[in-house]
Amino acid sequence: MRAGPSLRSADFRREREEAWRELATLVDHAEKGGMRSLGAARLARFPVLYRAALSSLSVARSISLDRNLILYLESLCTRAYVLMYGTRQGVAGTAGRFLGRTFPSAVRRFRRHLAVAAAFLLLGLLAGYVLTVRDLDRFYAFVPEGLAGGRDPSATTEFLRNALYSGPDEKSWLVLFASFLFTHNSQIGILAFALGFLAGIPVFLLLFTNGLSLGAMAALYAERGLSLDFWGWVLPHGVTELTAVAICGAAGLALGQSLVFPGRHRRLDNLARTGREAGALVIGSLALFFTAGVIEGIFRQTVMDVAVRYGLALAAAVLLALWLSRSGRRAGP
């Protein structure tokens with residue numbers, strides 16, 4: 001009687017083992033080279049063998065066969081399942097799909113929030129410019145001392161101009177500077193998103209005050225006759241950076257709206273749903289902040305020709321507009 005289960009397990013294995021080995025061979029090959037590497041004939045054979053292995057596993061469990069046999073079949077079926085139904089794009093494929101489809105689609109999904117965020121950023125810029133032009137002393141109220149870096153109304157025109165065209169000598173320092181800028185700008189963007197949990201109201205203030213600082217700085221350089229030089233200095237990285245800030249602000253506003261106006265959903269459920277969707281905006285914005293950091297920390301510090309700087313700013317604006325407005329439109333859901 002003790003030999004009964006062992007004999008039954010051996011008979012079961014002997015009748016089906018050839019098919020299991022064939023499936024295991026296909027699985028090993030596909031794990032190394034992908035499903036397409038199997039060829040048409042073996043690819044058609046794969047699901048047949050997979051279903052047969054599933055059936056064997058079901059029978060083995062129902063009649064309590066050898067535990068090692070059940071573990072073997074479970075492992076084989078799991079590996080086959082991942083190959084048949086799992087996504088095997090890799091990091092590069094996943095990132096490409098996100099940047100080429102998910103992120104642009106999310107930007108278009110929240111385009112109204114983006115328009116509001118951009119409007120407050122622009123409103124702050126205009127207010128800072130007008131108020132500072134009328135009274136340069138207001139510059140100190142709008143631009144923190146650390147951000148100004150000595151570029152304030154007390155500086156000479158020559159000093160202000162040199163700040164736009166001087167760059168560090170060491171290339172290694174440029175890389176560190178770009179890294180610092182990426183970290184700093186990303187923190188601002190993430191803060192704009194996080195403030196959405198406070199009903200979105202602080203997001204408006206953050207966007208407006210960021211615009212105030214830029215507007216005040218622009219007014220200072222305009223007063224010294226350096227507007228063309230200043231905007232040539234700002235726009236190469238500013239097009240990407242300010243767009244990223246506005247997108248993060250849009251994500252924060254979307255969170256605030258979902259909290260204040262939940263509609264037919266419960267507030268927490270609505271907040272969770274919107275948070276998942278708006279979170280894609282923040283993740284995608286990190287790529288924009290990284291690009292802006294590279295431009296600001298490396299390109300802008302090494303290229304001194306104003307025409308080239310404006311050319312890069314125009315190219316960045318066109319490519320950014322095309323990417324966010326067109327990319328992923330023809331892709332399926």
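A few remarks follow.
- Condition check for Leu181: under 18 Å from Val234 (Cβ atoms), modelled with pLDDT under 90, loosely packed, with under 14 Cβ neighbours inside 10 Å and within 30 Å of the chain's Cα centre (by Cα): no
- Residue match in region 115-128 (condition: at pLDDT 90 or above, surrounded by fewer than 16 Cβ atoms within 10 Å (Cβ to Cβ), assigned to a loop (DSSP other than H, G, I, E, B) and in the same structural domain as Asp229 (by TED's automatic domain parsing)): no
- Of all the criteria given as (1) in a helix (DSSP H, G or I); (2) without any contact (Cβ under 8 Å) to a residue 24 or more places away in the chain, the one not satisfied by Arg264 is (1).
- Region 293-313: number of residues that are at pLDDT 85 or above and under 23 Å from the mean Cα position of the chain (by Cα): 2
- Considering Ala250, Ala254, Ala199, the condition of being surrounded by fewer than 19 Cβ atoms within 10 Å (Cβ to Cβ), touching a Leu at 6+ places or on another chain (Cβ under 9 Å) and among the small types (Gly, Ala, Ser) is satisfied by Ala199 alone.
Yes/no matrix, rows are residues, columns are (1) in the same structural domain as Ala118 (by TED's automatic domain parsing); (2) out of contact with any Pro (no Cβ under 8 Å at 6 or more places or on another chain); (3) in contact (Cβ under 8 Å) with a residue 40 or more places away in the chain:
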position: Gly238; (1), (2), (3): yes, yes, yes
position: Gly256; (1), (2), (3): yes, yes, yes
position: Asn270; (1), (2), (3): yes, no, no
position: Arg276; (1), (2), (3): yes, yes, no
position: Val294; (1), (2), (3): yes, yes, yes
position: Phe299; (1), (2), (3): yes, no, yes
position: Asp305; (1), (2), (3): yes, yes, no
position: Leu314; (1), (2), (3): yes, yes, no
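- Residue among Leu205, Leu259, Leu212, Leu228 that is surrounded by fewer than 16 Cβ atoms within 10 Å (Cβ to Cβ), over 25 Å from Ala315 (Cβ atoms) and not charged (D, E, K, R): Leu205
- Enumeration of residues in region 129-158 that are at pLDDT below 90 and assigned to a helix (DSSP H, G or I): Glu145, Gly146, Leu147, Ala148
- The condition of being closer than 22 Å to Pro236 by Cβ, touching a residue at least 60 places away in the same chain (Cβ under 8 Å) and not acidic (Asp, Glu) holds for only one of Arg138, Arg151, that being Arg151.
- The condition (being in a helix (DSSP H, G or I), touching a His at 6+ places or on another chain (Cβ under 7 Å) and modelled with pLDDT of 80 or more) is satisfied by just one residue among Ser37, Ser56: Ser37.
- Scanning region 58-69 for residues that are in contact (Cβ under 8 Å) with a residue 12 or more places away in the chain and closer than 21 Å to Thr25 by Cβ yields a count of 2.
- In region 59-103, the residue that is modelled with the lowest pLDDT out of those that are basic (Lys, Arg) and surrounded by 12 or more Cβ atoms within 10 Å (Cβ to Cβ) is Arg61.
- Selection count where residues are of a type in the set (Ser, Thr, Tyr) and surrounded by 14 or more Cβ atoms within 10 Å (Cβ to Cβ), scope region 277-333: 4
The values are calculated or read from the model by the stated rules, or taken from the named source; none is laboratory data. Bear in mind the structure is a predicted one, so any value in this text is a computation, not a measurement. Using ideal geometry, Cβ is built from the backbone for each residue, glycine included, and neighbour counts are taken over all protein chains shown.
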